[in-house]
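Trainee: Sharing a structure here in structure tokens format.
Every number here is computed from the coordinates shown, using simple stated rules; none is lab data. Since the model is a prediction, treat every value here as computed from it, not as a measurement. Cβ placement follows ideal geometry from the backbone for every residue including glycine, while neighbour counts extend to all protein chains displayed.
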């Protein structure tokens, strides 16, 4: 896959024309994890993983802690096991499924990646998994939101998934050595 092309596509389609260093680093780690731990995952499924991570991290693409100040978070029934990671895992029992031994553990890259991918592929969040909604050419990105959180923001996350899928497919069809020209370079060549 031509990663430069992929980053150029999603920069414009999903991130308003700009990616931070933190987002690029996070996306690289997610791409690497897929390549090393889930190489047979379909692009349709991977696009949904990326879309979910985009939403669950507030578009940061790195492990985050549930939003709200400490005072607010202390009101949660699951405190101190508040939402953490690439997919906001709450409750001690859930965090321990992914190897967390204390609050804060899902903020580390290894556990955050493990939780996001295993939770979605094995149905460890809600008992529903990627293959229930995306398999054998059938793609139900709206229904797939049930893997993590009912239908909350399902249509929006589905739009993200479609954009990620397009970028993945285009990046695979673009030779790795081809350069992605910037908008300024395109403008210069047009006159």
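Trainee: Modelling each spin label as a point 7 Å along the Cα-to-Cβ direction, I'd like the residue 131/residue 76 distance in nm, to one decimal.
Mentor: Result: 3.1 nm between the two label points.
Trainee: On a C-alpha basis, how far is the centre of region 50-80 from the centre of region 141-161 in Å? Whole number, if you could?
Mentor: A separation of 17 Å, based on Cα centres.
Trainee: Rounded to the nearest 0.05, what FRET efficiency do residue 91 and residue 170 give with R0 = 30 Å and r taken as the Cβ-Cβ distance? Could you check?
Mentor: 0.15
Trainee: Please find, in a Gaussian network model of the chain (springs between Cα atoms separated by less than 10 Å), the residue of 67, 47, 154 whose mean-square fluctuation is greatest.
Mentor: 67
Trainee: Another question, if that's okay. How would region 20-64 be classified by its alpha-carbon gyration tensor: rounded, prolate or oblate, with rounded meaning a/c under 1.5 and the a/b versus b/c comparison settling the rest?
Mentor: oblate
Trainee: Using 0.36 nm per residue of separation minus the Cα-Cα distance, give me the extension gain between residue 152 and residue 67 in nm, one decimal.
Mentor: That works out to 28.9 nm of additional length.
Trainee: What number, rounded to the nearest 500 deg cm²/dmol, is the helix-based mean residue ellipticity at 222 nm of the chain, given -39500 (n - 2.57) per DSSP H run of at least four residues and division by all its residues?
Mentor: Mean residue ellipticity, 222 nm, calculated: -15500 deg cm²/dmol.
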